[in-house]
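J.: The structure that follows is given in the form of structure tokens.
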Amino acid sequence: MSHAAHPVSTSTGAFGGPARSGPAASATGLYKTYGHGETRVTALDGVGVEFGSGEFTAIMGPSGSGKSTLMHCMAGLDAISSGSVRIGGVELSGLDDEALTKIRRDRLGFVFQAFNLLPTLTARENILLPLQLAGRTPDREWFDAVVSSVGLADRLGHRPSQLSGGQQQRVACARALASRPEIVFADEPTGNLDSRSGGEVLAFLSASVRELGQTVVMVTHDPVAASFAGRVVFLADGRIVDELHRPTADAVLARMQRFGTDRAV
Ligand code: ADP
Ligand code: MG
């Protein structure tokens, strides 16, 4: 086979990530239970899933279906009961706390429903804080690209209290991206936002995938939020029950209803 005829490139623009074979993260036979005896809860019931590099994947499902648990297990924030979780090629279950902390710090980014910004720091300082704590020098070109993509170039000197909720969450997204992580995990990033601000955050997350070559895995229970992703994985009672590619909000909603997963969230 001629290499010239099959150029290997996963680049998606000036900041496309390195060519990588295999998924950015994967789980196989993943079980997670909480508690013991009568209070035992099976939060994940044999999950197998792959998150492609350079893709925007949404994890959907009703409240209690295991979305956050899956994200926490895949990101090494929570220990699994059995099975396997890999980030890149690295099996997480074999790692001690120090190694897990290092992986989270160096290779992953996080966005949560609560923005978790430090109130006394400016937007710029908040974005750069994790890098500073890790003793890393920010890449100027990358920082500028992230800040411009997130639309905060003229707000970098503002403190969180001087920013709207949507702007604060965009700062939190920029902070998650500042280290140029292999994957950004976002758990209900629009859960505290009105639909317009939520739309801004979602537009940025999808632009980070499309234009900056990032990989994003986002937990949501909102069909509109899920429609920004390239692929939606549906979770019900701790199991992956289906997936949709290039989803529309209507298709996501219809699928949720078909699975009877349209319960209150
Ligand atoms: P989702 O994010 O989809 O709402 P979760 O992953 O938070 O769902 O929860 C899945 C199941 O695991 C639920 O039944 C929940 O009550 C249970 N659960 C989650 N975290 C814990 C915990 N720390 N201790 C006990 N049960 C938990
Ligand atoms: Mg949750």
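J.: Provide the solvent-accessible area of D222, counting protein heavy atoms only and rolling a 1.4 Å probe, rounded to the nearest 10 Å².
T.: Around 60 Å² of this residue is reachable by solvent.
J.: Still on this structure, I have one more. How many angstrom lie between the Cα centre of the range 139-179 and the Cα centre of the range 51-74?
T.: 24
J.: By how many nm would the segment from H245 to E98 lengthen if fully extended, with 0.36 nm per residue of separation less the alpha-carbon distance? Intermediate results must be reported in sequence, preceding the final value.
T.: Details: separation 147, 0.36 × 147 = 52.92 nm, distance 3.67 nm.
Here the segment from H245 to E98 would lengthen by 49.2 nm.
J.: Moving on. For the range 144-265, give the magnitude of the charge dipole about the Cα centre (Cβ charges: +1 Lys/Arg, -1 Asp/Glu; no others), in debye to the nearest 20.
T.: 100
J.: Then there is this: What is the pair-distance distribution P(r) of the chain, computed from all Cα-Cα distances in 5 Å bins starting at 0, with each bin given as a whole percent?
T.: 1, 6, 13, 17, 18, 17, 13, 9, 4, 1, 0, 0, 0
J.: Among H158, H245, H36, what's the order by accessible area (1.4 angstrom probe), most exposed first? Walk me through the intermediate numbers first.
T.: Values: H158 60, H245 115, H36 155 Å².
Sorted by accessible area, descending: H36, H245, H158.
J.: So what are the range 194-238's ellipsoid semi-axes, whole angstrom, largest first, if each one is the square root of 5 times an eigenvalue of the alpha-carbon gyration tensor? Intermediate results must be reported in sequence, preceding the final value.
T.: On the way: eigenvalues 73, 44, 10 Å².
Result for the range 194-238: semi-axes of 19, 15, 7 Å.
J.: Two decimals is fine: what's Rg over Rh for the range 11-147, C-alpha atoms, Kirkwood radius as Rh?
T.: Working: Rg = 17.2 Å, Rh = 17.2 Å.
Across the range 11-147, the Cα-based Rg/Rh ratio is 1.00.
J.: Using Cα pairs closer than 8 Å and at least 6 residues apart in sequence, work out the relative contact order for the chain, in percent. Could the numbers behind the result be given before it?
T.: Values: 516 pairs, mean separation 70.9, N = 265.
Reported relative contact order: 27 percent.
J.: Given R₀ = 30 Å, FRET efficiency for D144-S63 by Cβ-Cβ distance, to 0.05? Spell out each step's value before the answer.
T.: Working: r = 39 Å, r/R0 = 1.30.
Approximately 0.15, to the nearest 0.05.
J.: Now for a different question. Give the long-range amide H neighbours of L30: residues separated by 5 or more places, or on another chain, with amide H under 5 Å away, using H modelled in the peptide plane at 1.01 Å from N.
T.: G46, V47, G48, S84
J.: Hey, another quick one. Taking H as built 1.01 Å from N, whose amide H comes closer than 5 Å to the amide H of R239, not counting residues under 5 places away?
T.: Correct list: D45.
J.: For the chain, which whole-number percentage of the solvent-accessible area (1.4 Å probe, protein heavy atoms only) is attributable to carbon and sulfur atoms? Numbers along the way, then the final one.
T.: Values: 6370 of 12740 Å².
Summing carbon and sulfur atoms, their accessible area is 50 percent of the total for the chain.
J.: With each pseudo-label sitting 7 Å past Cα toward Cβ, what's the Q132-D45 distance in nm, one decimal?
T.: Result: 4.7 nm between the two label points.
J.: At 222 nm, what value in deg cm²/dmol follows for the chain if DSSP H runs of at least 4 each add -39500 (n - 2.57) and the sum is divided by all its residues, to the nearest 500? Don't skip to the answer; put the middle values down first.
T.: Values: 8 runs with 84 residues, N = 265.
Dividing the helical sum by the residues of the chain leaves -9500 deg cm²/dmol.
J.: Also, I was wondering about something else. Would you calculate the convex hull of the Cα atoms in the range 139-265 and tell me its volume per residue in Å³? Write out the running numbers ahead of the final one.
T.: Working: hull volume 14.3 nm³, N = 127.
Value for the range 139-265: 113 Å³ per residue.
J.: Send over a whole-number figure in Å² for the accessible area per residue of the chain, probe 1.4 Å.
T.: Working: 12740 Å² over 265 residues.
That works out to 48 Å² for each residue.
The values are calculated or read from the model by the stated rules, or taken from the named source; none is laboratory data. Values in this document were obtained by computation on a predicted structure and should not be read as measured data. Every residue, glycine among them, receives a Cβ derived from its backbone with ideal geometry; neighbour counts consider all protein chains shown. Surface accessibility is based on the protein's heavy atoms, side chains included, excluding ligands, DNA and RNA. Shrake-Rupley method; radii C 1.70, N 1.55, O 1.52, S 1.80 Å.
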